[in-house]
Amino acid sequence: MFEPSIKAPEFEGIKAWINSKPLTMDELKGKTVLIDFWSYTCINCQRTLPYLKAWHEKYAKDGLVIIGVHSPEFSFEKDVDNVKKAVKESGIKYAVAVDSDMKTWDSYANQYWPAKYLVNKDGYVAYLQFGEGAYGQTEMAIQAQLGVKKPIGKENYPDYMFDQSPETYTGYTKNLGLGSGLACDKDGCNVYIDPGDHEMNVIYPHGQWVQEKEYLELKRVPGIIDYRFNAREVNMVIEPLENAEASILVDGKKAGKIKIEEPGMYNVFKDKKYGDRELSVTFNGKVRVYAYTFG
């Protein structure tokens, strides 16, 4: 908690409101407001959602208003219909403001998914929390602003290894370099060749892929991407360009298949223990691959 001296900015550039009529900070004066910046393919945001949903159920009658500001990390998340579908599938009942042009994100000078801004009844930011965790502390701050006292919910925040693989983007603006080389002929350099020996946390495409600003796009089926990681769980952000399927190998052994029917985050591996593993995903269908996230 800190001295509330920053006035919460107004919502700007909102494309749509879900589960609510359009709201303004001015008309919300007298209420305690929890603003949560999120995106629906963000694994950190997804792990935070159960707490937000529980707080909405627990404190709405006490005057808490939760507003999820959906600020997209990837271009397909700008689509209002995609956000509406994600909100419904996630079981979110509180208000969601679709901030597709990042106008409200910019007005808060925000830099994180998720990020929570607790606004007091006078319209000033009274508490901040960036990233996962501190759920008990956040709930105590909510109670302090509401002037209520209730049992604090159990915090189930997973422990992470210090050397867990980091979120890894495939597009050239945020990618530090692909591990595969390009094969060239008279028509140009358009086929990636996986060298076979893999460094940790490096993306190795194989086949006819094109690296764009946000993603790797498969131009000719099939296509493979290999990645050596240390984690218990691997998720991939994928957009299908046609009906697509992916076959998954972990350490050379079959680990399942996934159907890729809509743009979103797909879980491709999960285990109870950390481990240094090799992931190989073969795509049968043209796709765009945006990022890997880990847990």
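With a Förster radius of 22 Å, plug the Cβ-Cβ distance of Ile258 and Thr173 into 1/(1 + (r/R0)^6) and report the FRET value to the nearest 0.05.
Given R0 = 22 Å and the Cβ-Cβ separation, E is 0.25.
Along the charge dipole of the chain, which of Trp38, Ala126, Ala144 sits closest to the positive end, that is, farthest toward it, with unit charges on the beta carbon of Lys, Arg, Asp and Glu (+1, +1, -1, -1)?
Comparing the listed Cα positions along the dipole, Ala144 ranks first.
From the phi angles alone, apply the Karplus equation (6.51, -1.76, 1.60; θ = phi - 60°) to region 202-212 and give each ³J(HN,Hα) in whole Hz, x where the residue is Gly or Pro.
Listing the rounded values in order: 10, 8, 10, x, 9, x, 8, 10, 10, 8, 9 Hz.
Among bridges DSSP assigns within the chain, what percent are antiparallel (round to 5)?
About 85 percent, rounded to the nearest 5.
Enumerate the amide H contacts of Trp209 below 5 Å, restricted to partners 5 or more residues apart or on another chain; note that Pro and chain-start residues carry no placed amide H.
Result for Trp209 returns Tyr192, Lys219.
Can you list the residues of region 19-54 with backbone N under 20 Å from a point 7 Å past the Cα of Glu132, pointing along Cα to Cβ?
It comes to 36-54, nothing else.
Quick one: dipole size for region 6-146, taken about the Cα centre, charges +1 on Lys/Arg Cβ and -1 on Asp/Glu Cβ, in debye to the nearest 20.
The calculated dipole for region 6-146 is roughly 400 debye.
Averaging sequence separations of C-alpha pairs under 8 Å and six or more residues apart, then dividing by the length of region 168-294, give the relative contact order as a whole percent.
Reported relative contact order: 28 percent.
I'd like the FRET efficiency for Lys84 and Asp159, computed as 1/(1 + (r/R0)^6) with the beta carbon distance as r and R0 of 30 Å, rounded to 0.05.
That pair, Lys84 with Asp159, gives E of 0.30.
To the nearest 20 Debye, how big is the dipole of the chain about its Cα centre, given +1 on the beta carbon of each Lys and Arg and -1 on that of each Asp and Glu?
It works out to roughly 1040 debye.
Could you give the length gained on full extension between Ala54 and Ser247, defined as 0.36 nm per residue of separation minus the Cα-Cα distance, in nm?
Between Ala54 and Ser247, full extension yields an extra 65.9 nm.
Once you put a point 7 Å from the Cα of Tyr124 and another 7 Å from the Cα of Ile193, both along the Cβ direction, what distance in nm separates them?
In this crude spin-label approximation the distance works out to 6.6 nm.
Quick one: grab the alpha carbon gyration tensor of the chain, order the square roots of its eigenvalues as a ≥ b ≥ c, and give me rounded if a/c is under 1.5, else prolate or oblate depending on whether a/b is larger than b/c.
Prolate, because a/c is 1.5 or more and a/b exceeds b/c.
How big is the Cα convex hull of region 33-180 in projection, averaged over all directions, in nm²?
Mean projected area of the Cα convex hull: 10.5 nm².
Please list 3J(HN,Hα) in residue order for region 75-81, calculated via the Karplus relation 6.51 cos²θ - 1.76 cosθ + 1.60 where θ = phi - 60°; whole Hz, with x for glycine and proline.
With coefficients 6.51, -1.76 and 1.60, one gets 4, 5, 6, 6, 5, 4, 5 Hz.
Using Cβ contacts closer than 10 Å as the measure, can you line up Glu278, Glu77 from fewest to most?
Listing Glu278, Glu77 from fewest to most nearby Cβ atoms yields Glu278, Glu77.
Scan region 103-196 for trypsin sites (Lys or Arg not before Pro) in coil per DSSP, keeping those whose Cβ has at most 14 other Cβ atoms within 10 Å, and list them by number.
Lys149, Lys154, Lys174, Lys186
Between Asn267 and Lys61, what FRET efficiency comes out of the Förster formula 1/(1 + (r/R0)^6) with R0 = 41 Å and r the beta carbon distance, rounded to 0.05?
It comes to 0.70.
Go ahead and estimate [θ] at 222 nm for the chain from helices alone: -39,500 (n - 2.57) per DSSP H run with n ≥ 4, summed, over the residue count, rounded to 500.
Calculated at 222 nm, the ellipticity per residue is -4500 deg cm²/dmol.
Normalised by the residues of the chain, what does the relative contact order come to in percent, with Cα pairs under 8 Å and at least six apart?
16
Find which of His70, Thr170, Trp55 sits farthest along the positive direction of the dipole of region 45-175, computed with +1 on the beta-carbon of Lys and Arg, -1 on that of Asp and Glu, about the Cα centre.
Value: Trp55.
Quick one: grab the alpha carbon gyration tensor of region 181-295, order the square roots of its eigenvalues as a ≥ b ≥ c, and give me rounded if a/c is under 1.5, else prolate or oblate depending on whether a/b is larger than b/c.
oblate
Values in this text are rule-based calculations from the coordinates and carry no lab data. Model, not experiment: these values are computed from the prediction. Don't worry about glycine lacking a Cβ; one is built from the backbone with ideal geometry, like all the others, and counts go over all protein chains shown.
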